[in-house]
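What follows is a single structure, written as structure tokens, with notes after it.
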Amino acid sequence: MTLNYNAVPFEMNQYQTYINSNYGNGYNNGIILTTPKPDWNQMTLSNFEKNFYMESPIVQNRSMMDIQQFLTNNQITIDGNAPRPLFNFDEANFPEPVMETIIQCGFQKPTLIQSCSWPILLSGLDLIGIALTGSGKTLAFILPAIIHASHQEFVKPGDSPIVLIMAPTRELVQQIHTVAHQFGQLAQCRTTVIFGGASKEFQRNSLLSGLEVVIGTPGRLLDFIEEGILKLDRITYLVLDEADRMLDMGFEPQIRQICERIRSDRQTTMFSATWPKEVRKLANKFLSTNRIHVTIGNVILAANPNICQIIEVCTESQKQNRFIEILHEIMKLQNGKTLVFCQTKRRVNELYLITKQMGFPVLCIHGDKQQSQRDFTMNEFRRRQKMILIATDVAARGLDVQDIQFVINIDVRNK
């Protein structure tokens, strides 16, 4: 059993056998698209605009010494012929409504991945971004996506969207959609979110109505592509978010089938917390050769130095009592959320019932829960200042929750 203080684990490797038994709801179980893959070399593709970047005079006049110091101090590595990074929001030349919304959100300055990504993506270049979860990646690709979509021809009912964003879990795609909708409405960009476990009819009608931005999990997206509901012919901006997690969860066949049916001259960006060989192979297949590679921090996966990690070795029969002792210690603190990971739904349910009966403020989440239950649970966990959430690893992946002080891994993960 491990106990981590002050942060959520930034990498949790999963394997497909575990996924199938613990998080099956909403996953595409092996659909192979019947429509043939287009031969892009034999097709004449219509032109589209993708370079919208106007470099600020402040950025132009910044010395190379200052830029190099910024990159070195923040452990940023950029491979490729990339535009200069930004230091402040006003250097991006975003439209005024976007700037006003950024200020209203309370953001003080761009995160490191945003500073580097915005000039690259606004210039229409492909990007590989390697940065830890929680580093601001969503806004890094959403704002350029919306600007890209707003400069294309209007999407009519039944048309293909312009932007497609794929991510591994329903919670993550919902979080991305919240940000996309917030900023998309400023540019009259219509957005929707597609995932398993929710009404297919509502999602189908949403896609048919005509939208600029579609965000979804690969399995449900593939369902609608096979049905002919989701067309791909107008997609010119593609995002693969949490690419390493999507591969861990067995989504590579779905991702490949979808990407192969999107025009080859699209703009593609891939974000990942790690850079294993499987992700590299995917990048080599679906991103252009003149892509830019941005790494925030060390590309080698290591323990996060900002987390105090404690490993306690005990027998299976001792785990429960020690877990309860730890919770009692945590509850003595004034505030703070605790996230507890288990490998099976059965273990989640058992610990939830025990802790609930003992009077702890506790919630639980796993793949068997209905979407309405999952939404309620996550809203409660975010809202309450002192709360325990017990979850399966996969069900909690990609969750964006502030103020988590403790993370407890009940089980050692199996390969």
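Laboratory data are not the source of any read-out in this text; all were calculated from the coordinates shown. Source: prediction; values computed, not measured. All Cβ positions, glycine included, derive from the backbone under ideal geometry; neighbour counts span all protein chains shown.
Compare GLY359, GLY124, GLY210 in a GNM of the chain, Cα atoms joined below 10 Å, and give the one with the largest fluctuation.
Ranking GLY359, GLY124, GLY210 by mean-square fluctuation puts GLY359 first.
Just the number: Rg to Rh for region 161-237, Cα atoms, Kirkwood Rh, two decimals.
0.92
Given +1 on the Cβ of Lys and Arg, -1 on the Cβ of Asp and Glu, and no further charges, what dipole in debye does the chain carry about its Cα centre, rounded to the nearest 20?
So the magnitude is around 720 debye.
Using a cut-off of 11 Å between beta-carbons, work out the net charge of the residues near THR192 (Lys and Arg +1, Asp and Glu -1, THR192 not included).
Computed value for this residue: +1.
With both bridge residues required to lie in the chain, what share of the DSSP beta bridges run antiparallel, to the nearest 5%?
The antiparallel fraction comes to roughly 25 percent.
Would you mind checking the tilt of helix 137-150 against the longest principal axis of the Cα atoms of the chain, expressed as 0 to 90 degrees and rounded to 10?
Result, in degrees: 30.
For LYS319, which aspartates and glutamates qualify as cross-link partners when the Cα separation must be under 13 Å and same-chain residues fewer than eight apart are set aside?
GLU350, ASP411
Which longest uninterrupted range of the chain lacks any chymotrypsin sites (Phe, Trp or Tyr not before Pro) assigned by DSSP to a loop state (not H, G, I, E or B) and surrounded by at most 15 other Cβ atoms within 10 Å?
155-415
Would you work out which of GLN357, SER63, GLN267 lies farthest towards the positive end of the dipole of the chain, given +1 charges on the beta-carbon of Lys and Arg and -1 on that of Asp and Glu, about the Cα centre?
GLN357
Once you list every other residue whose beta carbon is under 11 Å from the beta carbon of GLN60, what net charge do they have if Lys and Arg are +1 and Asp and Glu are -1?
Around GLN60, the charge tally is 0.
If you place +1 on the Cβ of every Lys and Arg and -1 on the Cβ of every Asp and Glu, how big does the dipole about the Cα centre of region 262-396 come out, in debye to the nearest 20?
So the magnitude is around 460 debye.
Calculate for the chain the 222 nm mean residue ellipticity that helices alone would give, adding -39,500 (n - 2.57) per DSSP H run of length 4 or more and normalising by residue count, nearest 500 deg cm²/dmol.
Per the formula, -11000 deg cm²/dmol.
First check a/c for region 327-395, with a ≥ b ≥ c the square roots of the eigenvalues of its C-alpha gyration tensor; if it is under 1.5, answer rounded, and if not, answer prolate when a/b is larger than b/c or oblate otherwise.
oblate
So which residue, out of GLN257, GLN318, GLN405, gets the largest mean-square fluctuation from a GNM of the chain using Cα contacts under 10 Å as springs?
Of GLN257, GLN318, GLN405, the most mobile in the Gaussian network model is GLN318.
Of PRO168, PRO85, PRO276, which has the largest mean-square fluctuation in a 10 Å C-alpha GNM of the chain?
The residue with the greatest mean-square fluctuation here is PRO276.
For region 64-159, what is the Kirkwood estimate of the hydrodynamic radius, computed as the reciprocal of the mean inverse distance between distinct Cα atoms, to one decimal in Å?
14.6 Å
Note the per residue figure in Å³ for the convex hull of the C-alpha positions in region 99-225.
Dividing the Cα hull volume of region 99-225 by its residue count gives 116 Å³.
Taking H placed 1.01 Å from N in the peptide plane, check which residues at least 5 places from VAL362 or on another chain put their amide H under 5 Å from its amide H.
ILE388
Helix 345-357: angle to the longest alpha-carbon principal axis of the chain, degrees 0 to 90, nearest 10?
For 345-357 against the chain, the angle is about 50 degrees.
Using a Förster distance of 35 Å, how high is the FRET efficiency between GLU312 and LEU71, based on the Cβ-Cβ distance and rounded to 0.05?
That gives a FRET efficiency of 0.35.
Please state the equivalent ellipsoid semi-axes for the chain: what are the square roots of 5 times the Cα gyration tensor eigenvalues, largest first, in whole Å?
After scaling each eigenvalue by five and taking roots: 36, 26, 20 Å.
Using Cα pairs closer than 8 Å and at least 6 residues apart in sequence, work out the relative contact order for region 242-333, in percent.
Reported as a whole number, the value is 29 percent.
Please tell me which of these pairs span more than 21 angstrom C-alpha to C-alpha: LYS332/LYS369; LYS231/LYS277; LYS332/LYS356; LYS356/LYS386; LYS231/LYS281?
LYS332/LYS369; LYS231/LYS277; LYS231/LYS281
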